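Accompanying notes for the structure given below.
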Ligand SMILES: Nc1ncnc2c1ncn2[C@@H]1O[C@H](COP(=O)(O)OP(=O)(O)OP(=O)(O)O)[C@@H](O)[C@H]1O
Ligand SMILES: [Mg+2]
């Protein structure tokens, strides 16, 4: 009877061990087991992540993937884990993979029993995407606060400039001078820029009645505003489901699509092609504006829509800020797909 119980127990143990090793092996995260810094086991996800074969990794010193400045912290962590009964706090650090590339990871370890002795099971979680998103968020926040400051300044500067313009007009009538016209038109440009900035940052102050908008009709007429560029550019229109209409401030939407088409045209150094699509799908209207222009670098996509971000010598960087604020205020979304040298697609989604 006792023998029978023992054999059932050892069978259970074997089964448990098999299950444990299967869980480790098929985990999608890097898991390895080590003792005295020597790696005894690494799962398949781990060897893929560290860019080396299991043969290269098993038997190697764990500290070889740790950067010099972190080695003492890791040694201390492992010592702490050996004495602990459960997992110890997670730390973030950069490790060096076997092919020499660096990667940001979360490093966590805890003690386990392996082959009858206490060893350390360590897990690595790739946090590159999270780190990138954090960096982009910080950049965006910085730019957004600069934008807010700029709006405050714009508000303060616009009023005195408007009164200077008024006095200039008065002087023009009493003491005409050839320079006065140039001064007035420069002043108008400055006031226009400030007005655009204010409109972008406070679109809801822009009082315009809300009407039904036939985007297909409006997109067709917008194209005619770019007649001068048309002989260099082929414009393809595929406008479907024109019976579906959004309700909103027409001029704001016209300006937004004007800005998107203008950017598409400016992205093409010589001859190019623009395709504009309009269609209805799943309760939303989609407008796609595709160009085969220069494209946008991946690390710059997060800046799109931030006031004053521009790569153009003459650009004010307010075009996309107006587009984003109009579409977001309506409750829509904008998706940008771009590849350098191939082109860019802006997909505007407007729920009905
Ligand atoms: N279709 C596109 N292709 C390539 N780059 C683009 C495209 N659309 C926008 N961009 C990039 O985004 C930046 C910001 O665009 P935005 O319209 O806000 O400002 P701008 O075009 O530079 O100036 P403005 O529109 O005020 O005259 C551009 O300078 C450009 O680098
Ligand atoms: Mg623009």
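The values are calculated or read from the model by the stated rules, or taken from the named source; none is laboratory data. Everything quoted here is computed from the prediction, not taken from an experiment. Backbone-built Cβ (ideal geometry, glycine too); neighbour counts: all protein chains shown.
With respect to (1) at pLDDT 90 or above; (2) away from ligand 2 (no atom under 16 Å from the Cβ), the lone exception for residue 250 is condition (1). Selection of the stretch 245-259 for residues being over 11 Å from residue 287 (Cβ atoms), in contact with a helix residue (DSSP H, G or I) (Cβ under 7 Å, 6 or more places away or on another chain) and assigned to a helix (DSSP H, G or I) yields 252, 254, 255, 258, 259. Each residue in the stretch 289-301 was checked for being surrounded by fewer than 18 Cβ atoms within 10 Å (Cβ to Cβ) and away from ligand 2 (no atom under 16 Å from the Cβ), and 3 of them qualify. Put simply, of 172, 212 the only residue that is assigned to a helix (DSSP H, G or I) and either surrounded by 12 or more Cβ atoms within 10 Å (Cβ to Cβ) or at pLDDT 90 or above (or both) is 172. For the stretch 337-352, taking the residues that are within 20 Å of residue 258 (Cβ to Cβ) and more than 8 Å from ligand 1 (Cβ to nearest atom), the one that is surrounded by the most Cβ atoms within 10 Å (Cβ to Cβ) is identified as 348. Of the helices (runs of 4 or more DSSP H) entirely within the stretch 25-125, those holding at least 1 residues that are under 28 Å from the mean Cα position of the chain (by Cα) occupy 44-49. As a summary of the residue check, residue 105 satisfies the conditions (1) out of contact with any strand residue (DSSP E or B) (no Cβ under 6 Å at 6 or more places or on another chain); (2) surrounded by 14 or more Cβ atoms within 10 Å (Cβ to Cβ); (3) at pLDDT 90 or above except for the one numbered (1).
For residue 87, the criteria (1) loosely packed, with under 12 Cβ neighbours inside 10 Å; (2) in contact with a strand residue (DSSP E or B) (Cβ under 9 Å, 6 or more places away or on another chain); (3) modelled with pLDDT under 90 hold in every case but one, which is (1).
Could you grab me the full set of residues in the stretch 299-319 that are within 17 Å of residue 334 (Cβ to Cβ), in contact (Cβ under 8 Å) with a residue 24 or more places away in the chain and more than 6 Å from ligand 1 (Cβ to nearest atom)? It would help to see each step written out before you state the result.
Of the stretch 299-319, the ones within 17 Å of residue 334 (Cβ to Cβ) are 300-307, 309, 317-319.
Still in the list and also in contact (Cβ under 8 Å) with a residue 24 or more places away in the chain: 301-307, 309, 318-319.
If the condition is that a residue be within 17 Å of residue 334 (Cβ to Cβ), in contact (Cβ under 8 Å) with a residue 24 or more places away in the chain and more than 6 Å from ligand 1 (Cβ to nearest atom), then 301, 302, 303, 305, 306, 307 are the ones that fit.
Any residue at all in the stretch 100-112 that is within 22 Å of residue 26 (Cα to Cα), without any contact (Cβ under 8 Å) to a residue 12 or more places away in the chain, touching a helix residue (DSSP H, G or I) at 6+ places or on another chain (Cβ under 7 Å) and not assigned by TED's automatic domain parsing to the domain that holds residue 132? Scanning the stretch 100-112 turns up no residue that is within 22 Å of residue 26 (Cα to Cα), without any contact (Cβ under 8 Å) to a residue 12 or more places away in the chain, touching a helix residue (DSSP H, G or I) at 6+ places or on another chain (Cβ under 7 Å) and not assigned by TED's automatic domain parsing to the domain that holds residue 132.
Condition first: closer than 25 Å to residue 158 by Cα, at pLDDT below 95, in the same structural domain as residue 328 (by TED's automatic domain parsing) and within 16 Å of ligand 2 (Cβ to nearest atom). Can you find one or more residues in the stretch 223-231 that meet it?
Step one: list which residues in the stretch 223-231 are closer than 25 Å to residue 158 by Cα, which gives none.
No, because not a single residue in the stretch 223-231 is closer than 25 Å to residue 158 by Cα, at pLDDT below 95, in the same structural domain as residue 328 (by TED's automatic domain parsing) and within 16 Å of ligand 2 (Cβ to nearest atom).
Would you confirm, using the coordinates I've provided, whether residue 242 is more than 31 Å from the chain's Cα centre (by Cα) and part of a loop (DSSP other than H, G, I, E, B)? Yes: the conditions hold for residue 242.
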